[in-house]
């Protein structure tokens, strides 16, 4: 079955602009998480959505937001872009509902490489 | 989630077993050990996870010590395509637990021809 799809793969934006990234999870997966990866900070958790509700949020400013649609597809938005927002943004999907061991593996997309100039 | 400690880098000869250690001395009883790897410029890939019993799948084996303070990921016959950063993550799966994966710095495994 198809994996996690992120679009676009590459993006160049100017400081002050906003950007929207899209993630289509694996069919049947209801949990979608977003991560930011930079050389200096590594992989950091942004937020997680499950059944259209934000279930968990990392330590990022309010300029970073997201949402999930009824078909589990998710978008994340970054407003007022800063140079430091240049990063690889990764989306991961999993089956996981509340607790339990099965279906907890997260499957990542290829990421969107955002460059802010 | 418990902190994990991994060596920053390791080399392995192609065709030999790669043994990647991870220390998680403060792991609690309900925390699982997960392993992911990230090949350059790609998204992380799930490898395996376990609680206290050894686990094996088509990719790797996971050996967890009896006291659960450390574990080893074993790639039985490493190939050049196994060159990647390997992340060991301790994670609770309880219903009230955080859902995110907390990635450390990982181990850069280089498989040498």
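The values are calculated or read from the model by the stated rules, or taken from the named source; none is laboratory data. Bear in mind the structure is a predicted one, so any value in this text is a computation, not a measurement. FYI the Cβ positions are ideal-geometry reconstructions off the backbone, even for glycines, and counts take in every protein chain you see.
Where strands (runs of 3 or more DSSP E) fall entirely within segment B:26-90, those with at least 3 residues that are over 16 Å from residue B:104 (Cβ atoms), touching a strand residue (DSSP E or B) at 6+ places or on another chain (Cβ under 9 Å) and within 12 Å of chain A (Cβ to nearest Cβ) are at B:45-50.
Filtering segment A:72-90 for residues that are modelled with pLDDT under 95 and within 14 Å of chain B (Cβ to nearest Cβ) leaves an empty set. Could you tell me which numbered condition residue A:40 fails, if it satisfies all but one of (1) part of a strand (DSSP E or B); (2) within 26 Å of residue B:105 (Cα to Cα)? Unmet for residue A:40, out of (1) part of a strand (DSSP E or B); (2) within 26 Å of residue B:105 (Cα to Cα): (1).
Quick check on residue B:1: is it out of contact with any helix residue (DSSP H, G or I) (no Cβ under 7 Å at 6 or more places or on another chain) and either more than 16 Å from residue A:104 (Cβ to Cβ) or in a strand (DSSP E or B) (or both)? Judged against the criteria, residue B:1 is not a match.
There is at least one residue in segment A:2-19 that is modelled with pLDDT under 95, assigned to a loop (DSSP other than H, G, I, E, B) and either away from chain B (no Cβ under 11 Å) or more than 21 Å from residue A:71 (Cα to Cα) (or both). The condition of being within 12 Å of another protein chain (Cβ to nearest Cβ), free of Cβ contacts under 8 Å to residues at least 24 places away in the same chain and closer than 21 Å to residue A:89 by Cα does not hold for residue B:104. Set side by side, the residues A:50, A:64, A:60, A:69 differ, and just one is more than 22 Å from residue B:47 (Cβ to Cβ), within 14 Å of the chain's Cα centre (by Cα) and loosely packed, with under 13 Cβ neighbours inside 10 Å, which is A:69. I'm trying to understand the selection: among the residues of segment A:55-71, which are part of a strand (DSSP E or B) and either in contact with a helix residue (DSSP H, G or I) (Cβ under 8 Å, 6 or more places away or on another chain) or within 11 Å of chain B (Cβ to nearest Cβ) (or both)? Hits for segment A:55-71 are A:55, A:56, A:57.
Determine whether residue A:113 is modelled with pLDDT of 95 or more and more than 9 Å from chain B (Cβ to nearest Cβ). It is false that residue A:113 is modelled with pLDDT of 95 or more and more than 9 Å from chain B (Cβ to nearest Cβ).
Among the criteria (1) more than 12 Å from every other protein chain (Cβ to nearest Cβ); (2) at pLDDT 95 or above, the one residue A:29 does not fulfil is (2).
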